[in-house]
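Notes for the one structure printed next.
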Amino acid sequence: MTRTVAYRSLYALVILLIASFAVFYGMRLAPGDVADVLASHPTGQLTAERVREDLGLNKPILVQYATYMGKLLRGDLGLSLINGQPILTILESSAGYTLKLAAVAALLSLIMSIPLGLLGAWKRNSSFDQGTMLIAVLGMGIPNFFLAILLIQVFAVWLKWLPVAGYETPQHIIMPAIALAAEAMAINLRVVRSSVLEQLGLDYVRTLHAKGVSDQRILWLHVLRNALPPIVALAGVLMRTLLGYTLIVETIFRWPGLGYQLVNAVLKRDYTVAQTLAILLTAAVILFNLLADLGQQWADPRTRRQAGAG
Amino acid sequence: MARSFPAPVSLHQGAADAGPPLLEVRHLVTEIQSRQRRLRAVDGVSFQVRRGEILGLVGESGCGKSMTALSLMRLLPPAATIAQGEVWFDGQDLLRLSPKAMRRIRGHRMSMVFQEPMTALDPAFTIGSQITEVIHAHGTDSAAAARARAAAMLDRLGIPNAARRLDSYPHQFSGGMRQRVMLALALVMNPQLLIADEPTTALDVTIQAQILDLVADLRRELGLGVVLITHNLGVIHEIADRVAVMYAGEIVEIGSVARIFSDPKHPYTQGLLRSMPYLYERRPSLHVIAGRVPDLGIMPRACRFAARCANRIDQCTETHPELREADRDHELRCYNPTPFAR
Ligand SMILES: Nc1ncnc2c1ncn2[C@@H]1O[C@H](COP(=O)(O)OP(=O)(O)O)[C@@H](O)[C@H]1O
Ligand code: SF4
Ligand SMILES: [Mg+2]
């Protein structure tokens with residue numbers, strides 16, 4: 001297990017290096033030279049040459065990358081190109097919002113998908129099962145931006161139950177969380193259902209019935225426990241997509257998280273902010289993958305080594 | 001192959017008492033829903049088991065032994081249903097009980113162990129928790145009392161260091177040990193009836209013998225009635241009191257082990273006996289009954305064994321033979337039985 005952790009962590013680190021370099025390099029390919037943008041900015045009093053010099057843009061790209069990553073690792077995130085605000089400040093004010101939204105969405109998708117998938121599999125082919133499968137198909141088929149607009153139209157414009165956009169009250173998180181959770185919920189639902197179906201056909205379930213254990217206990221304790229590994233594995237993937245979708249959903253609902261800030265930075269051509277936020281988001285995604293990977297190993301008793309007995 | 005079977009140890013007889021039967025199965029019919037048809041996997045099976053008695057249920061693979069056992073426990077797979085019959089156990093017809101009432105009987109007064117010890121336990125829970133789960137499902141023992149009971153049961157079943165092994169997981173146990181754990185699950189509530197579906201088939205010979213000895217001992221100790229399913233006549237000869245021979249969903253011969261092994265009458269039983277010359281060993285058989293069990297979908301209307309039978313006469317392919325008394329405690333389903341010659 002320790003070896004697995006070390007190996008997977010190393011792998012994640014390599015992926016992170018490659019991905020962050022890709023972001024870094026990609027920014028350099030963006031239309032319009034950073035320095036030009038900055039020099040042409042109304043508030044800027046600098047020449048393009050000065051900016052290139054300051055940012056080290058004349059040096060080879062690998063050197064630039066190393067310098068940049070070095071600073072990043074020491075916690076020096078740099079300044080906004082546009083207004084000189086420390087990126088750390090932007091991060092501090094927005095990361096909490098994204099985490100909150102992602103956590104609520106993840107929780108929502110699990111709370112919905114696990115019971116629905118479990119009961120759907122238990123009552124296989126019943127109208128309940130078919131109903132949940134319809135939800136799954138819809139959840140996977142409707143793009144989240146469309147769902148977001150639909151939610152706004154129905155619950156904010158027509159019914160006036162919820163605010164259109166913003167972040168001030170607890171109600172503000174409802175629609176973005178649903179829009180963000182829908183697809184994850186749908187995918188999870190299918191995975192839970194198929195994983196549970198697989199378990200229900202196994203011999204140990206018959207043994208549990210032969211023991212006189214109640215259906216509820218068999219389903220919610222034994223079957224769910226054994227059905228977990230693929231669900232946990234998928235949860236990591238879902239967190240990753242979820243984080244990716246925050247760009248769209250946060251922007252639509254003007255939810256001031258990382259995604260919203262990133263999109264704003266790109267639109268304003270604030271390259272330093274965009275680059276740093278993009279790399280941090282990538283790092284978060286890779287971290288979630290790693291955690292999911294390790295979580296899955298842990299959830300599977302056969303890969304968990306029991307010290308002592310045996 | 002001239003070899004006679006030693007008479008079964010007389011100790012087996014008389015182990016059963018003379019009261020009303022513990023289990024009485026009457027005309028059990030179990031059907032499997034296939035694409036368009038309902039196929040009869042068990043067709044009119046009747047037998048009795050007394051307290052402290054071991055009934056062997058024997059027959060080639062696919063004869064309906066497991067379907068019979070699962071019907072008694074009402075643990076059939078979704079495609080299978082009991083179409084007819086009665087299963088009287090301790091004064092009530094199990095087939096008429098509510099699912100909840102049936103659940104209270106399973107693992108408590110009537111238990112089952114299965115063929116595959118490797119997959120029959122939940123891999124994610126400790127042995128101890130899987131045993132105490134039965135105790136908590138049916139009793140009011142405290143956690144500590146249940147644990148002590150589980151340890152005592154494992155100890156009785158020959159698991160060394162039982163108390164410490166409670167915290168092990170199934171994958172840390174060998175097949176033989178797991179089958180002991182399965183027996184512990186089945187017996188911890190001190191049931192009256194044990195149904196064992198090929199409990200030793202997946203195990204190697206020495207372990208097989210140990211497990212069978214255990215079952216025989218427990219039967220004596222606890223006055224347990226046992227339905228022991230096997231395709232191995234050696235096993236039956238070793239520990240059963242009575243034996244029912246199944247063929248294609250029907251019982252074709254039933255009676256005491258002493259009688260059936262000394263004077264088998266049905267050509268199928270005779271064929272099975274010829275195929276097992278070494279009762280105590282698991283050698284490849286020298287004689288195999290030619291042909292195979294007919295498919296459920298194309299079951300002959302008259303004698304189901306006719307296609308494979310050397311004694312066949314005209315009547316055998318015209319009408320269906322009934323199970324009739326051939327001797328005292330010996331019933332037979334055959335039109336043309338002949339004395340057994342090896
Ligand atoms: N789940 C199932 N679905 C369909 N047919 C089955 C199923 N289980 C068993 N059968 C059929 O029922 C018959 C009896 O099977 P079984 O009781 O398992 O035989 P045995 O235990 O004597 O080997 C066989 O013809 C088998 O093919
Ligand atoms: S009834 Fe006829 S075919 Fe069937 S077993 Fe007896 S002799 Fe053979
Ligand atoms: Mg079987």
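The values are calculated or read from the model by the stated rules, or taken from the named source; none is laboratory data. Remember, it's a predicted structure, so these values are computed and weren't measured experimentally. Cβ: placed from backbone, ideal geometry, glycine included. Neighbour counts: every protein chain shown. To get the accessible areas, we keep the full protein, side chains included, count just its heavy atoms, and leave off ligands, DNA and RNA. Shrake-Rupley method; radii C 1.70, N 1.55, O 1.52, S 1.80 Å.
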**OP:** Would you mind checking the tilt of helix A:224-252 against the longest principal axis of the Cα atoms of chain A, expressed as 0 to 90 degrees and rounded to 10?
**Re:** 30
Original post:
Can you list the residues of segment B:83-124 with backbone N under 15 Å from a point 7 Å past the Cα of A:Ser214, pointing along Cα to Cβ?
Top reply: B:99-105
Original post:
Assuming R0 = 45 Å, what is the FRET efficiency of B:Ala163 and A:Glu92, from their Cβ-Cβ distance, to the nearest 0.05?
Top reply: 0.25
Original post:
So how many Lys-Lys pairs in the protein assembly as shown land under 26 Å Cα to Cα, not counting same-chain pairs under 8 apart?
Top reply: 11
Original post:
Using unit Cβ charges (K, R positive; D, E negative) and no other charged atoms, how large, in debye to the nearest 20, is the dipole of segment A:155-310 about its Cα centre?
Top reply: 260
Original post:
Kirkwood hydrodynamic radius (Cα pairs, Å) of chain B?
Top reply: 20.9
Original post:
So between B:Arg292 and B:Ala143, what do we pick up on full extension, going 0.36 nm a residue minus the alpha carbon distance?
Top reply: 48.5 nm
Subject >> Minimum 30 Å² accessible area buried by the other protein chains, segment B:55-86 residues, probe 1.4 Å, relative to alone >> reply: B:Leu75
**OP:** Would you list the P(r) distribution for the protein assembly as shown, with all Cα-Cα distances sorted into 20 Å bins from 0 and each bin expressed as a whole %?
**Re:** 16, 35, 24, 16, 8, 1
**OP:** Find the all-direction average of the projected area of the Cα convex hull for segment A:46-160, expressing the result in square nanometres with one decimal place.
**Re:** 13.2
**OP:** Specify the angular offset, from 0 to 90 degrees and rounded to the nearest 10, of the alpha carbon long axis of helix A:2-29 from the longest principal axis of the alpha carbons in chain A.
**Re:** 40
Subject >> Convex hull per residue volume in Å³, alpha carbons only, for segment A:209-295 >> reply: 96
**OP:** Evaluate the charge dipole of the protein assembly as shown about its Cα centre and quote only its size in Debye, nearest 20, assuming +1 on the Cβ of each Lys and Arg and -1 on the Cβ of each Asp and Glu.
**Re:** 100
Original post:
Each label point is 7 Å from the Cα along the Cα-to-Cβ direction; what then is the distance between the points at A:Ala6 and B:Gln210, in nm?
Top reply: 3.8
**OP:** Specify the residue with the greatest mean-square fluctuation among B:Ile239, B:Ile195, B:Ile32, computed from a Gaussian network of chain B linking alpha-carbon atoms under 10 Å apart.
**Re:** B:Ile32
Original post:
Based on the Cβ-Cβ distance of B:Thr319 and B:Ser98, what FRET efficiency does E = 1/(1 + (r/R0)^6) give at R0 = 25 Å, to the nearest 0.05?
Top reply: 0.05
Original post:
P(r) tail for segment A:87-309, what percent of Cα pairs lie past 20 Å?
Top reply: 64
Original post:
At a probe size of 1.4 Å, how large is the accessible area of A:Glu250, to the nearest 10 Å²?
Top reply: 0
Original post:
Hey, what angle do you get for helix B:143-156 against the long axis of chain B, alpha-carbon based, 0 to 90 degrees rounded to 10?
Top reply: 50
**OP:** Among DSSP beta bridges lying fully in chain B, give the percent that are antiparallel, nearest 5.
**Re:** 60
Subject >> Residue-normalised accessible area of the protein assembly as shown, expressed per residue, 1.4 Å probe, Å² >> reply: 47
Original post:
Which whole-percent values make up P(r) of segment B:123-188 when all C-alpha to C-alpha distances are grouped in 5 Å steps starting at zero?
Top reply: 4, 21, 35, 26, 11, 3, 0
Original post:
How big is the C-alpha Rg of segment B:184-259 next to the rule-of-thumb value 2.2 N^0.38 Å, as a ratio?
Top reply: 1.12
Subject >> Positive-end residue, segment B:170-292 charge dipole about Cα centroid, Cβ charges, pick of B:Met276, B:Leu233, B:Ile207 >> reply: B:Met276
Subject >> Fraction of alpha-carbon pairs over 12 Å apart in segment B:199-238 - percent >> reply: 60
